[in-house]
Amino acid sequence: PQMDEDIRRLQMIAERFSKIGSQPTLEQHEVLPVLQTAMDYMRTRTSNKIIYTLHAEETEHCQAMLCVPLFEWVIENICKNAIDSMDGKGSITIEVKTENGKGKTENLYIDITDTGKGIDRRNFRRIFNPGYTSKKRGWGLGLSLGKRIIEDYHRGKLFVKQSQLGVGTTFRIVLR
């Protein structure tokens, strides 16, 4: 069963990379199951010293136009960075909120909070630059690609909502 899951995963990664550079098809999806799938995937690949929590203000109307494989990749990438920042021990909380206007949901906010090292305020924008990395290994492309996927493809926003050195960081995704 684990090998089947890994094969399915590799096919999905190939599909994701084939979508980068082309305009992916967006479809209406419930956001919570997509977030849950990404968290479940990360949970099976990290130690049990990482606690994952998904919390939603309201479970209905949490829909957005998504390219699921690319969107999941962004969530997983932010979680991977969080795990590195926590040295493999801590918590990742994803909180979903909606903002209503004129009788319908206007914005969907997805806040991803970790208990890691935090980010210096001066770097809040720089971390999204291609090549920026605080790790010994890595190309520093994850967050720049993630920002592009959210902002160019999903017409949303991805930014550092808040961060405190030694306490943790919250990334916010805004989808319309």
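The values are calculated or read from the model by the stated rules, or taken from the named source; none is laboratory data. Remember, predicted model here, so these are calculated numbers, not experimental data. Cβ atoms come from the backbone with ideal geometry, glycine included; neighbour counts cover every protein chain shown. Ligands, DNA and RNA are excluded from the accessible area calculation, which covers all protein heavy atoms including side chains. Shrake-Rupley method; radii C 1.70, N 1.55, O 1.52, S 1.80 Å.
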Seminar exercise, completed: Looking across the range 116-172 at residues that are of a type in the set (Gly, Ala, Ser) and on the phi < 0 side of the Ramachandran plot, the single one that is most open to solvent (accessible area, probe 1.4 Å) is SER134
For this session: For the range 121-132, name all the residues that are under 12 Å from SER163 (Cβ atoms) and either of a type in the set (A, V, I, L, M) or touching a helix residue (DSSP H, G or I) at 6+ places or on another chain (Cβ under 9 Å) (or both).
Result: ILE127
For this session: Would you please name the residue that is most open to solvent (accessible area, probe 1.4 Å), looking only at residues in the range 38-66 that are within 25 Å of LEU26 (Cβ to Cβ) and out of contact with any strand residue (DSSP E or B) (no Cβ under 8 Å at 6 or more places or on another chain)?
Result: GLU60
Exercise. Quick one: is ILE110 assigned to a strand (DSSP E or B), in contact with a His (Cβ under 9 Å, 6 or more places away or on another chain), of a type in the set (A, V, I, L, M) and open to solvent by less than 70 Å² (accessible area, probe 1.4 Å)?
Worked result: no
For this session: Select from the range 10-32 the residues that are of a type outside the set (A, V, I, L, M, F, W, C), at pLDDT 85 or above and surrounded by 11 or more Cβ atoms within 10 Å (Cβ to Cβ) and list them in ascending order.
Result: HIS29, GLU30
For this session: Check off (1) touching a residue at least 60 places away in the same chain (Cβ under 8 Å); (2) touching a Leu at 6+ places or on another chain (Cβ under 8 Å) for LEU54 and give me the number that stays unchecked.
Result: (1)
Problem set entry | Every pair of residues 6+ apart whose Cβ atoms lie under 8 Å, when the first sits in the range 82-101 and is part of a loop (DSSP other than H, G, I, E, B) while the second is open to solvent by 40 Å² or more (accessible area, probe 1.4 Å) and not aromatic (Phe, Trp, Tyr) | MET86/THR115; MET86/LYS117; GLY88/SER47; GLY88/LYS49; LYS89/SER47; LYS89/LYS49
Exercise. Looking at ILE51, is it aliphatic (A, V, I, L, M), over 23 Å from ARG137 (Cα atoms) and at pLDDT 90 or above?
Worked result: yes
